[in-house]
1. Does any residue of region 210-228 turn out to be touching a strand residue (DSSP E or B) at 6+ places or on another chain (Cβ under 6 Å), without any contact (Cβ under 8 Å) to a residue 12 or more places away in the chain, open to solvent by 20 Å² or more (accessible area, probe 1.4 Å) and under 18 Å from Asn135 (Cβ atoms)?
2. Filter region 49-67 for residues that are open to solvent by less than 60 Å² (accessible area, probe 1.4 Å), farther than 17 Å from Gly117 by Cα and more than 28 Å from the chain's Cα centre (by Cα) and give the result.
3. Can you name every residue in region 23-45 that is farther than 11 Å from Phe254 by Cβ and crowded, with 18+ Cβ neighbours inside 10 Å?
4. Find the residue count for region 32-68, including only residues that are among the aliphatic types (A, V, I, L, M) and either in contact with a helix residue (DSSP H, G or I) (Cβ under 7 Å, 6 or more places away or on another chain) or part of a loop (DSSP other than H, G, I, E, B) (or both).
5. Quick check on Phe203: is it aromatic (Phe, Trp, Tyr) and under 23 Å from Met44 (Cα atoms)?
6. Quick check on Val20: is it surrounded by 13 or more Cβ atoms within 10 Å (Cβ to Cβ), in a helix (DSSP H, G or I) and touching a helix residue (DSSP H, G or I) at 6+ places or on another chain (Cβ under 9 Å)?
7. Quick check on this structure: which one of Lys6, Lys12, Lys1 is farther than 26 Å from Arg230 by Cβ and either buried (at least 18 other Cβ atoms within 10 Å of the Cβ) or over 22 Å from the mean Cα position of the chain (by Cα) (or both)?
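The values are calculated or read from the model by the stated rules, or taken from the named source; none is laboratory data. Please read these numbers as outputs of a predicted model, since none were measured by experiment. Methodologically, a virtual Cβ is constructed for each residue, glycine included, from the backbone with ideal geometry; neighbour enumeration extends over all protein chains shown. Just the protein is used for accessible areas: all its heavy atoms, side chains included, with ligands, DNA and RNA removed. Shrake-Rupley method; radii C 1.70, N 1.55, O 1.52, S 1.80 Å.
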Amino acid sequence: KLLNKKKKQLSKDYKLYDIVIHDKFIAAQYIEALGFPTPKTIAMVANNSISFPKSGEQLPLSSLMNEKRNLFSDCICKPVGDQGGEGVFHLQMMDGSTLLNNEKILRKYLYKLFANGQFIVQERVLQHKKMAALNPHSVNTIRLVTYWDHDEIKIFAAAVRIGTKGNVADNWHTGGIIVRLDIDTGRLGKKGFTHPQFDGKIFEKQPETNIVFNNYEIPYFKNAFDLAKRIHKYFYNTYTIGWDIAITPRGSVFIEGNQQWDPYVHIVLEDNFMDKFKKLA
C-alpha cells in the first residue's frame with residue numbers, strides 16, 4: 001500500500017507500464033535495444049511455436065522432437081512471467097542428447113514442458129570467478145533496488161543472492177542464501193540467511209564452497225550501481241525496481257528487473273529497513 005501510494009504520485013497510469021518490466025521477453029528486448037548489457041535472447045516459445053527474433057525464423061514446437069536437430073546448444077529458459085525463480089532451467093541440446101539441469105531427458109518431456117507455458121530462451125551467462133567461487137552451479141546475482149527521488153534515480157538497498165545444493169537459480173524462494181551488500185564498499189555482510197520455508201538458517205559462509213561472507217568483495221559493484229541508475233531512467237513511469245544483476249569478467253549484465261521486489265529480503269538483512277522504507281514511501 002505504501003509503495004502503490006508513491007507509484008501513483010509518480011504516474012497515475014503506472015499499472016499500464018508494469019508489463020514492460022514484468023514480462024521478461026518484453027523487458028529483455030527493451031533493455032537490449034537501449035544498449036545495456038543483458039543476456040542475448042535466442043528464442044521465444046509460446047502458442048506451440050518457437051520464434052527466433054534475430055533471424056525472424058519461426059518453427060512449430062514439434063520441431064523439438066527432431067532428434068537430429070539441436071535448436072538450442074547451451075541456454076537458460078525462463079517463464080516470461082515467473083517470480084522467485086520458479087520454472088527456470090538450464091537446457092543443453094547436443095549430439096542428439098537433451099539435458100535439463102544437467103540431467104538427461106527425453107525430447108517429449110521438453111516438448112510437454114514448453115507446451116504448458118510461455119518461455120524466453122537466453123544465452124547462459126558466464127560469471128566472474130569471484131561470483132562463481134560463491135557457488136559454481138548458479139549465477140549468483142546482486143539484487144539492487146533503485147527508486148525515483150524527484151528527478152533523480154537513487155540506490156535504496158542491495159543484497160547478493162547465492163545458490164545452494166546445485167540449484168540453477170539463486171533465488172531466496174528456491175533455497176538460495178541472501179547476504180547484505182554494503183552499497184558504499186561493495187563488500188558482503190557477516191551473515192547469510194535462507195528463507196523461512198527452508199528452516200530460516202543463518203550462515204557465516206556458503207555451506208558447500210566454504211567461502212566466508214564477511215567482507216567478501218563483489219567485483220564491478222560500482223559499475224552495476226551506475227548502470228542501474230542510468231537504465232531506470234528509461235522506465236520513467238516505474239517508481240522503484242528490484243534489479244537482478246550478474247557480474248561477468250567484463251562487468252555487469254542485467255538479468256531482469258522486478259517492479260514488485262521482495263521487501264522481506266531487506267527486512268531480514270537490515271535492522272532499520274522499515275524505518276528507511278517508511279521514509280521512502
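1. Taking every residue of region 210-228 in turn, at least one turns out to be touching a strand residue (DSSP E or B) at 6+ places or on another chain (Cβ under 6 Å), without any contact (Cβ under 8 Å) to a residue 12 or more places away in the chain, open to solvent by 20 Å² or more (accessible area, probe 1.4 Å) and under 18 Å from Asn135 (Cβ atoms).
2. none
3. Within region 23-45, Lys24, Phe25, Thr41, Ile42, Ala43, Met44, Val45 qualify.
4. So the answer is 7.
5. no
6. Yes: the conditions hold for Val20.
7. Lys1
Yes or no, residue by residue, for (1) open to solvent by 30 Å² or more (accessible area, probe 1.4 Å); (2) free of Cβ contacts under 8 Å to residues at least 24 places away in the same chain; (3) outside any loop (DSSP other than H, G, I, E, B):
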residue	(1), (2), (3)
Asn70	yes, no, no
His90	no, no, yes
Phe114	no, no, yes
Gly117	no, no, no
